Amino acid sequence: MEAETGQDRRLILPGETFRFGCHPGVPCFNRCCHAADMYLYPYDILRMARRLGMTTEAFLNTHTDAAFRDNPCFPSLMLRMSDKEGRPCPFLAQAGCSLYEDRPFSCRCYPLEPAVSRNPARASLWFLVQHPHCQGHETGRDWTVEEWIQSQDMAERLAMNREWVAVDSLLRGNPWGGRGTASPAFRMAWTACFNLDQFRPFVFGSSFLTRVKVPEERIARARESDTELLLLGYDWVLFFLGNTGPLAGREA
C-alpha cells in the first residue's frame, strides 16, 4: 500500500491465523495514510465519489493520478496524496479517515493482499504484508482470513473486484492495436469502467439499447443502481473488445 522499501510479504496457508490491530493506541496510527501508493479499483472510485457527493469525472480529475504499471496497455489509477507536509491522504482527518465506511479496498484489506487469480475456478490465495513502520502486527487479536474479510466488510468489494479481473485481463492483451490510448475504444473502456456518470447517458441516451441485447430486468436494475450500471459497463467492455461475456448484439 505504501511506497516503502523493506516490506515483508508472505503467503498465508489455509487455516493459518495472523495477529493484527489498528487503533489510535498503536504508536504508528495513521502513519500508513501518508505518501501512500494507493491503487484504486473502479468500485473504489464509485463509492468514494458518491460518499463525497461528486461526479465520477470530478473525482477522477481531483483525486486520482493515472500511471502505467504492470499493465502497459491500460493505466492504473492511484489515489492522489495532498501537497501538505508528509503528503497525507486528502481524506485523513485528526480523528482518522473521514470516509472510513467507503475507504478504498487496499486500505480496508491491509494487512492482507489478495493474490489475483485470472482463473475463477482457483481458490483464493492471500498474502500477509508488513511494512517496517507498522506496529499493528504486535498487538490486537488473532484472525483467520475469513474473519478479517467479515470484520472489514469486504465481501461486496471482493465480489466487484473479481468481476473487474476479467476486464483487466482482456485489457492486458492490447485490444487497441497500434493506436494505443488514441483509440476511441480505449476512451470507451475507460468511461465504462471509471467514469460512470459519463457512461450512463451513453447507455440510456444513445442507440446502445437498440444495438445490444440487455434483459429488461437488467436495464431496470442499472437505472436504479450505480453498482449494476458498473457491472453492465464491465460486460460491455468484454463484449465490444473481446466478443465475450453475457451481452450480445441485436440483429440488424
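Only the coordinates and a few stated rules stand behind these numbers; no lab work does. These numbers come from a predicted model, not from an experiment. No Cβ is skipped: glycine too gets one built from the backbone with ideal geometry, and neighbour counts run over all protein chains shown.
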### Query
Where does each of Arg19, Arg157 land when they are ranked from fewest to most other beta-carbon atoms within 10 angstrom?
Arg19, Arg157
### Mean separation of Cα contacts under 8 Å, 6 or more apart, over the residue count of the chain: relative contact order %
23 percent
### Task
Multiply the residue gap between Phe204 and Ala58 by 0.36 nm, knock off their C-alpha separation, and tell me the result in nm, one decimal place.
50.5 nm
### Task
Go ahead and set up a Gaussian network model of the chain, Cα springs under 10 Å, then flag whichever of Ala185, Ala95, Ala35 fluctuates most.
Ala95
#### Entry: Label assignment, Cα extents along the principal axes in Å derived from the structure, set (i) 114, 39, 29; (ii) 64, 42, 38; (iii) 47, 43, 34
(ii)
### Query
By how many degrees, between 0 and 90 and to the nearest 10, does the Cα long axis of helix 226-242 differ from the longest principal axis of the chain?
60 degrees
### Summary
For Val212, the residues 5 or more places away or on another chain with a placed amide H closer than 5 Å to its own amide H are Arg250
### Summary
The simple spin-label model distance between Ala159 and Ala67, using points 7 Å out along Cα→Cβ, in nm, is 3.2 nm
### Summary
Sequence order, the range 65-75: Karplus ³J(HN,Hα) from phi using 6.51 cos²θ - 1.76 cosθ + 1.60, θ = phi - 60°, Hz rounded, Gly and Pro as x, gives 10, 9, 8, 7, 10, 6, 10, x, 9, 8, x
### Stretch gain in nm, segment Arg211-Glu113, where the contour uses 0.36 nm per residue and the Cα spacing is subtracted
31.3 nm
### Task
Return the tail of the calculated pair distribution for the range 20-64, meaning the percent of Cα-Cα pairs more than 15 Å apart.
55 percent
### Task
Could I have the simple spin-label model distance between Asn174 and Glu138, label points 7 Å from Cα toward Cβ, reported in nm to one decimal?
4.9 nm
### Message
Could you work out the pair-distance distribution P(r) of the range 174-249 from its alpha-carbon pairs, with 5 angstrom bin width and percents rounded to whole numbers?
### Response
3, 16, 26, 28, 16, 7, 3, 1
### Message
Considering all alpha-carbon pairs of the range 8-154, what whole percent are spaced by more than 28 angstrom?
### Response
23 percent
### Summary
Listed with the fewest Cβ neighbours within 10 Å leading, Trp164, Trp236, Trp148 appear as Trp164, Trp148, Trp236
